[in-house]
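Here's the structure, in structure tokens; my notes come after.
The values are calculated or read from the model by the stated rules, or taken from the named source; none is laboratory data. In this text the structure is predicted, and so the values were computed from the model without any measurement. Every residue, glycine among them, receives a Cβ derived from its backbone with ideal geometry; neighbour counts consider all protein chains shown. Note: accessible area is taken over every heavy atom of the protein model, side chains too, but ligands, DNA and RNA are not part of it. Shrake-Rupley method; radii C 1.70, N 1.55, O 1.52, S 1.80 Å.
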Amino acid sequence: MFALTGMIAGSTGLAGKVGIQLPDNPSHGLPSIHAVVVIFDPDTGAPLAFLNGNALTTLRTSAGLAVAADALSPSSARTLGVLGSGPQAVASVRMIAEVRSLDRVLLWSPSPARRNDAVATLAPDYDFPVMAVDSPRKAVTGSEVVTACTRSSEPVVLGDWLSPGQTVLTIGSYAPDRREIDLAATNRARTFVDLFSTSRQLCGPILEAIAAGTLADSDIVEIGAVLADPRLGRSTPEQIIVFHSLGFGAQDATAGWAAYQRALQLSLGQRAVL
């Protein structure tokens, strides 16, 4: 899969991202996605910087999950379940730990070696336990907040596993054939997204529920609306919440511009003459 996106976002100027996804790459010890973000001068259009798109995407996606976790989960939520063991799964723990005082992290992925490696990466940095579990159900049922950071086309979160008050955050339901949660989970939960227009076209669980007649457009709430008015978010402590993150251009533009400005302050990077 090849993707090209661009966005002018306020004072950030023009940012363009080019990426390619090759699912077989991990078998060769390579990332499945390669991407680059280009920052252009907002006045002249001259190229200013070429940034590592993988690193930038990982940061802005995990930051978006942390914002949603903080805005949508009960203030008492302190346990985190993680489905996945790649860079995005690790980053989601780090970002959510910045906004919540966690008591425990339970992490699962299909590969015992990879989930153990992820735990070994995270555990030394925190005073709360980070533990690998051997099934997605254990990660879900043992946690108040759940992040699904997988490329699974089959659900890894089932509605029967969910308990009142849980918050489920997904990043892998970014295409019609990708569903990290099943229809029962959608039907039990209230649905939030980062951008309605993209989610309505691409998000597998949303398209499945709309086709089944159990979800309407009016039931879907953007996280930006919640940040502007918290009354639009969780209505009761017992409510089950699902948030789907598909990402959008303004996030890349904002994160890219911030990284560029910070690099200038710290004199980082290499200068090139084009």
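A few comments on the model shown:
- Selection from the stretch 23-41 of residues that are modelled with pLDDT of 80 or more and surrounded by 14 or more Cβ atoms within 10 Å (Cβ to Cβ): Asn25, His34, Ala35, Val36, Val37, Val38, Ile39, Phe40
- Residue under evaluation Ala211, criteria (1) more than 20 Å from Ala139 (Cα to Cα); (2) surrounded by 21 or more Cβ atoms within 10 Å (Cβ to Cβ); (3) not polar (S, T, N, Q), criterion not met: (2)
- Qualifying residue in the stretch 220-227 (condition: in a strand (DSSP E or B), without any contact (Cβ under 8 Å) to a residue 60 or more places away in the chain, within 20 Å of the chain's Cα centre (by Cα) and closer than 22 Å to Leu80 by Cβ): no
- Cβ-Cβ contacts under 8 Å between residues 6 or more apart (or on different chains), taken from a first residue in the stretch 118-133 that is without any contact (Cβ under 8 Å) to a residue 24 or more places away in the chain and under 20 Å from Thr150 (Cβ atoms) to a second residue that is open to solvent by less than 60 Å² (accessible area, probe 1.4 Å) and not in a loop (DSSP other than H, G, I, E, B), are listed as Val119/Leu107; Val119/Val130; Val119/Ala132.
- The set of residues in the stretch 50-89 that are among the charged types (D, E, K, R) and not in a helix (DSSP H, G or I) contains only Arg78.
- Of the candidates Arg78, Arg100, Arg104, Arg60, the single residue that is touching a Ser or Thr at 6+ places or on another chain (Cβ under 9 Å), touching a residue at least 40 places away in the same chain (Cβ under 8 Å) and more than 20 Å from Asp194 (Cβ to Cβ) is Arg78.
- Which listed residue, of Ala123, Ala139, Ala132, Ala148, is within 20 Å of Arg78 (Cα to Cα), of a type in the set (A, V, I, L, M) and in contact with an Asp or Glu (Cβ under 6 Å, 6 or more places away or on another chain): Ala148
- Among the criteria (1) at pLDDT 80 or above; (2) surrounded by fewer than 18 Cβ atoms within 10 Å (Cβ to Cβ); (3) of a type in the set (S, T, N, Q); (4) over 16 Å from Ala255 (Cα atoms), the one Asn52 does not fulfil is (4).
- Residue match in the stretch 228-242 (condition: in contact with a helix residue (DSSP H, G or I) (Cβ under 8 Å, 6 or more places away or on another chain), surrounded by fewer than 13 Cβ atoms within 10 Å (Cβ to Cβ) and farther than 24 Å from Ala71 by Cα): no
- Qualifying residue in the stretch 232-250 (condition: touching a Leu at 6+ places or on another chain (Cβ under 9 Å) and in a helix (DSSP H, G or I)): yes
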